[in-house]
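**Q** Pasting a structure here, questions to come.
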Amino acid sequence: MDKIIGLLEKYFPMYLEGLWGTLWLSAVTVVLGTVLGMFVALLRMGKVKVFKWIADAYIEVLRGTPTLLQLYFFWIGLPKLLPFLSLSDTACILVAMTVNASAYISEIIRAGIGAVDRGQWEAARSIGLSETHVMTHVILPQAVKNILPALCNEFISTIKGTSLASVFFVGELMTAYKTVASATFLQMQSLLIAGVIYFTITFTLSKLLKLLERRLTVSD
Amino acid sequence: MTDNNIILRTENLHKSFGKLEVLKGISTAIHKGEVVSIIGPSGGGKSTFLRCLNLLEEPTDGKVYFKEQDITDRKGSIAKFRQSIGMVFQNFNVFPNMTVLDNVILAPTLEKKVPKAQAREEAMALLTRVGLADKADEYPRKLSGGQKQRLAIVRAMAMHPEVMLFDEPTSALDPEMVKEVLSVIEDLTRSGMTVLIVTHEMGFAREVSDRVLFICDGVIKEEGGPDQIFTCPRDPATIKFLSMVL
């Protein structure tokens, strides 16, 4: 126990920095992933068959291969593809995480839109709204209620998922653990600290999510 | 055929869902100012026919003309035509994410670019007409079924449609609310609105209609004036149906 306290006294700022890295990486991943995921979901629900197939394949491949493999893929591939950008490791990992999240998020969005009553589409069309306005003014505002809680869940699982990025030492919480562990040789103690931090964050967020869900259903 | 008084016309309309053929060739014309009731047994194709008229269902074969323009040819924007063809649904389908007033002004402001103030004024006039003016700022969840349906009617009317389609507008209502909705529809017919109504309210159909279509097994089995249809139906299917519902 006093070893842990000792660790905290010395390395707490490093853990904090790691936590900041984790939260930052997760938040950006979910935000960009939502934008990309929305695009994929719209392609998938659209009328153009070719786009539908492409979107389907995109989702299947990303869900059917390990996230770690995808991280390697972008980490190796992106600098080769775009050498003139001289992308940092973090940038490559961020792109990989975003692409990965977009596949899951596009399914969340599709399900959320699919859960809106068919009659709402019909009514919106029957008064002569353009397909775009049907979506932006009638369907999406209602779908958001279904999408938001699932999106928060995605954020929570992304927080845990970013730990994979420590393989590339991009400075999130798991990287902090690795650094502390190799500096002090206190493997278990330094790991426990990281674990407690992860748990505190995800537990708090999932409790907040419960509150949000209750608020959303009240307004129905 | 260039009768200027024809608002909607169908030519040999067919609709199949997979192997099930629901409409087996319906040809009819609806004239300006006419009130036409569509009656018939469940599953006979009444609602499908109505929903083909604004292409909520795409006909498998045949044509729909709005004022002699083919709307099934997929050339023009169907949204434009739908602005002139109001529709009221069995399940109201009011938009729960916006207030009563916003339900009404949504389409006029978005698609017809009516200035907000003017759209509001017109909407309030319509809401007053159906007794919903005091609910303008409420959300639909606070409304009763009858109020929701009156709102749905106003929402359609706000686009100044040339014809109104009613798809069993009172079937989902509690009995005590049927009357308030029917009286709004009756009010519309008196103002000269062209109306097509699929209904199980036989008394109402008889009272307000100029013409009654009896649709059964995907075809118009019989049509005529309300008195003829309800007092001396000729087709055996009509006779059987009326003997069961009257």
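**Q** Take chain A, connect every pair of alpha-carbon atoms lying under 10 Å apart with a spring to form a Gaussian network, then pick out the residue of A:Leu173, A:Leu209, A:Leu192 with the largest mean-square fluctuation.
**A** Result for chain A, Cα springs under 10 Å: A:Leu192 fluctuates most.
**Q** Can you tell me, using C-alpha contacts under 8 Å and at least 6 residues apart, the relative contact order of chain B as a whole percent?
**A** Reported as a whole number, the value is 26 percent.
**Q** Then there's this: Would you mind working out the magnitude of the charge dipole of the protein assembly as shown relative to its Cα centre, with +1 at each Lys and Arg C-beta and -1 at each Asp and Glu C-beta, to the nearest 20 Debye?
**A** Result for the protein assembly as shown is approximately 880 debye, rounded to the nearest 20.
**Q** Right, here's the next one. Tally Lys and Arg at +1 and Asp and Glu at -1 over the other residues with C-beta under 15 Å from the C-beta of B:Thr72: what net charge comes out? Don't skip to the end; give the middle numbers.
**A** Details: positive: B:Arg9, B:Lys15, B:Arg51, B:Lys63, B:Lys67, B:Arg74, B:Lys75, B:Lys80, B:Arg82; negative: B:Glu11, B:Glu57, B:Glu58, B:Asp61, B:Glu68, B:Asp70, B:Asp73.
In short, +2.
**Q** Computed on alpha carbon atoms, what radius of gyration and Dmax characterise chain B, expressed in Å?
**A** Looking at chain B, its Cα Rg and Dmax stand at 18.0, 55 Å.
**Q** Next question. Give the lysines whose C-alpha is closer than 21 Å to that of B:Lys116, dropping any in the same chain fewer than 8 places away, or say none.
**A** Here the lysines satisfying the reach criterion relative to B:Lys116 are B:Lys80, B:Lys135.
**Q** Right, another one. Please name which of B:Asn54, B:Gly131, B:Ile7 has its Cα lying farthest along the dipole of the protein assembly as shown towards the positive end, using unit charges on Cβ (Lys, Arg +1; Asp, Glu -1) and the Cα centre as origin.
**A** It is B:Asn54.
**Q** If you don't mind, another one. Return one number: the angle in degrees, 0 to 90 and rounded to the nearest 10, between the long axis of the Cα atoms of helix B:175-190 and the longest principal axis of the Cα atoms of chain B.
**A** It works out to around 90 degrees.
**Q** Counting partner chain Cβ atoms within 10 Å of every residue's Cβ in B:89-98, what's the average? Numbers along the way, then the final one.
**A** Details: counts 4, 1, 6, 2, 10, 3, 9, 8, 12, 3.
Per residue, the average neighbour count from other chains is 6.
**Q** Let me ask something else about it. Between Rg and the Kirkwood Rh of the range B:60-197, both from Cα atoms, what is the Rg to Rh ratio?
**A** For the range B:60-197, the value is 0.98.
**Q** Restricting attention to the range B:102-158, which trypsin sites (Lys or Arg not before Pro) occupy a DSSP loop and are surrounded by at most 10 other Cβ atoms within 10 Å?
**A** B:Lys113
**Q** Specify the angular offset, from 0 to 90 degrees and rounded to the nearest 10, of the alpha carbon long axis of helix A:49-64 from the longest principal axis of the alpha carbons in chain A.
**A** 30
**Q** Can you give me the Rg/Rh ratio for the protein assembly as shown, using Cα atoms for both radii and the Kirkwood formula for Rh?
**A** 1.14
**Q** Starting from the Cα of B:Lys19, draw a straight line to each of the lysines and keep only those under 19 Å, dropping any in the same chain fewer than 8 residues away.
**A** B:Lys46
**Q** Would the range B:120-180 count as rounded, prolate or oblate if I go by the C-alpha gyration tensor, calling it rounded below 1.5 in a/c and otherwise prolate when a/b exceeds b/c, oblate otherwise?
**A** Here the range B:120-180 falls in the oblate category.
**Q** Follow-up. Could you pull the accessible area for B:His200 with a 1.4 Å probe, rounded to 10 Å²?
**A** Looks like 80 Å² after rounding.
**Q** Per residue of A:127-136, what is the mean number of Cβ atoms on other protein chains within 10 angstrom of that residue's Cβ? Mind showing how you got there, number by number?
**A** On the way: counts 20, 19, 7, 5, 3, 2, 5, 1, 0, 1.
Per-residue shielding by partner chains comes out at 6.
**Q** Using a cut-off of 15 Å between alpha-carbon atoms, which aspartates and glutamates can reach A:Lys178, once sequence neighbours fewer than 8 places away in the same chain are excluded?
**A** In chain and number order, the partners are A:Glu17.
**Q** If you don't mind, there's one more thing I want to ask. Past 28 Å, Cα to Cα: identify those pairs from A:Lys49/A:Lys210; B:Lys24/B:Lys148; A:Lys47/B:Lys75; B:Lys15/B:Lys221; B:Lys24/B:Lys240; A:Lys47/A:Lys145, in the order given.
**A** Exceeds cut-off: A:Lys49/A:Lys210; B:Lys24/B:Lys148.
**Q** Checking the a/c ratio against 1.5 first, then a/b against b/c, what shape does the Cα gyration tensor give for the range A:2-219?
**A** oblate
**Q** B:Val22's amide H: which non-local residues (gap 5+, or another chain) put their own amide H closer than 5 Å, with H modeled 1.01 Å from N in plane and none for Pro or chain starts?
**A** Close amide H contacts, sequence-distant or interchain: B:Lys15, B:Ser16, B:Phe17.
The values are calculated or read from the model by the stated rules, or taken from the named source; none is laboratory data. Everything numeric in this text was worked out from a predicted model, so none of it was measured. Glycine gets a Cβ as well: all are built from the backbone with ideal geometry, and neighbour counts include every protein chain shown. Areas reflect the complete protein model, heavy atoms only, side chains present, ligands, DNA and RNA absent. Shrake-Rupley method; radii C 1.70, N 1.55, O 1.52, S 1.80 Å.
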